[in-house]
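Have a look at the structure below before the remarks.
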Amino acid sequence: MGKTLVKVEDLVHEFRPAGKIRIRAVDHISFQIEEGEVFGLVGESGSGKSTVARCVMNVYKPWGGTVWYKNICTTEPKSYRQNKKMLQTRRQMIFQDSTSSLNQRMKVKDIIAEPMVISRRTPPRGSCRAEAEFQLSYVGMEASYLEKYPWELSGGMRQRVAIARALAMEPEFLVADEPVASLDVSIQAQILNLFKHLQKEHGFTFLFIAHDLSVVRFLCDRVGVMYRGKIVETAPVKELFNNPMHPYTKALLSAIPIPDPVLERKRKFQVFDEDAFCPGERMEMVSPGHFVLENNGGKEI
Ligand SMILES: Nc1ncnc2c1ncn2[C@@H]1O[C@H](COP(=O)(O)OP(=O)(O)O)[C@@H](O)[C@H]1O
Ligand SMILES: [Mg+2]
C-alpha cells in the first residue's frame, strides 16, 4: 500500500428532478483509496452512496469537485475521453440487484464474455467460453451453469455471475454498490467470503458500499460514514468500531445486533438527533487516519 489509486476531492452532485427542486445528493466530500485497499462507504438509504459511486465511475458528471484515477483526472472531459477505454477495462462495477443489471435474455456464458467482446479484449484462456468457464469456477459455480439464463438462478448465484463478469476484465478497481443487500443472510455471508477471498488473491482495490456497518466490518480496511450527502467520519475499520466519535456513527453502531443473547438484551439503541445535524466544513483529526466532521450545532451563526 501507499500509492493512491482513487482520489475524490470536494465532490458535489445535485439532481434537479423538476423545476426548482434541487436535491444535493453529495455535498463536498473528499476521500482517497490506496492501492490494494478495501474502502467501505456506509450510510442509510438516500445518504448519497450510489451517487458517489456513479460520479467516481463516470456514470454521472459531477457538479463540482474532481476525481482522480492514478494520474488521470476523470472529471476533466478531455483526459477522460483520452483514457476512456483503459478506464472502462480497469474499473468494474457490481450492483445490488443483479436481476436488473444482468441481461435476462442472455446465457450466463455470454453475460460473462460480453465486456470482453465489447472491449475487443483477447480472452486470456483462448476463447470467450473457456474464459467464462474459468471465471465461473473461480466464483464457485459449475460449468453446467454456462448455458443457463439469469432467471433460472437464485439471487446468490446471479450475484456470483455478476462478480465473474467483472473479474473477467481483470480489473484493478472494483466498485460494489450494496452487492449483498438483496440476499438472504446466509447467502450474504457466502458472497462476502467470496469477496474477501478474491480480493486477497487478486489484490484489487475495492470501493465497497453498504447500508449497515456489520457488513463492512468483515471486509473493509477503512470506512467512511455518510449522512445526508456528507462523510461525517472516516477511520480504519477497527478504530471506527472501538472509538466512534460522530453521533451518527454511534447510532449506526448501536443498531448492530450482538450475537450473545445476554449482551443483546442489554444493548442500548442510540438515537441520532437529526435536527442537531449542522455540519461544518472541516474534518477534525482525532488520531492518525481518524477524522470527524465538525458540527456547528448549537453555535450561533
Ligand atoms: N436520478 C435521480 N433523480 C433525482 N434524485 C435522485 C436520483 N438519484 C438519487 N437521487 C436522490 O439523491 C439522494 C441520494 O441518493 P443515492 O445516491 O441513491 O443514495 P444511497 O445510495 O445512499 O441510497 C436521495 O435523496 C435520492 O432520492
Ligand atoms: Mg444506493
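The values are calculated or read from the model by the stated rules, or taken from the named source; none is laboratory data. This one's a predicted model, so the numbers in the text were calculated from it and none came from an experiment. We place every Cβ from the backbone using ideal geometry, glycine too, and count neighbours over all the protein chains shown.
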Problem - Residue count for segment 163-192, restricted to those that are away from ligand 2 (no atom under 16 Å from the Cβ), small (G, A, S) and either at pLDDT 90 or above or assigned to a loop (DSSP other than H, G, I, E, B) (or both) - result: 4
Practice task
Find all pairs meeting these conditions: Cβ atoms under 6 angstrom apart; at least six residues apart or on different chains; first residue within segment 50-67 and over 15 Å from Q96 (Cβ atoms); second residue within 9 Å of ligand 1 (Cβ to nearest atom) and not in a strand (DSSP E or B).
Solution key: Y60/R54
Practice task
Could you tell me whether E233 is charged (D, E, K, R) and closer than 18 Å to F291 by Cα?
Solution key: yes
Fill in the blank from the handout: Going through segment 212-248 in order, the residues found to be at pLDDT below 90 and within 13 Å of ligand 1 (Cβ to nearest atom) are D212
Exercise for the section: Could you check how many residues of segment 10-49 are closer than 23 Å to Y80 by Cα, surrounded by fewer than 21 Cβ atoms within 10 Å (Cβ to Cβ) and within 13 Å of ligand 2 (Cβ to nearest atom)? Expected result: 0
Practice task
Quick one: count up the residues across segment 245-301 that are among the aliphatic types (A, V, I, L, M), surrounded by 13 or more Cβ atoms within 10 Å (Cβ to Cβ), over 23 Å from I29 (Cβ atoms) and free of Cβ contacts under 8 Å to residues at least 40 places away in the same chain.
Solution key: 0
Handout entry: Tally of residues being among the basic types (K, R), surrounded by fewer than 19 Cβ atoms within 10 Å (Cβ to Cβ) and either within 17 Å of E178 (Cα to Cα) or in contact (Cβ under 8 Å) with a residue 40 or more places away in the chain (or both) across segment 188-234
Key = 3
Completion exercise
The residue that is surrounded by the most Cβ atoms within 10 Å (Cβ to Cβ), considering only those in segment 177-187 that are of a type in the set (G, A, S) and out of contact with any helix residue (DSSP H, G or I) (no Cβ under 7 Å at 6 or more places or on another chain), is A181
Practice task
Kindly establish whether R54 is of a type in the set (K, R), closer than 23 Å to E14 by Cα and assigned to a helix (DSSP H, G or I).
Solution key: yes
Exercise for the section: Among the residues of segment 57-101, count how many are in a strand (DSSP E or B) and more than 16 Å from ligand 2 (Cβ to nearest atom). Expected result: 10
Fill in the blank from the handout: In the set T234, T249, the lone residue that is within 21 Å of A53 (Cα to Cα) and part of a strand (DSSP E or B) is T234
Exercise for the section: Mind counting the residues in segment 14-29 that are more than 8 Å from ligand 1 (Cβ to nearest atom) and aliphatic (A, V, I, L, M)? Expected result: 3
Practice task
Identify, by number, the condition in (1) out of contact with any Ser or Thr (no Cβ under 9 Å at 6 or more places or on another chain); (2) in contact (Cβ under 8 Å) with a residue 40 or more places away in the chain that Q82 doesn't meet.
Solution key: (2)
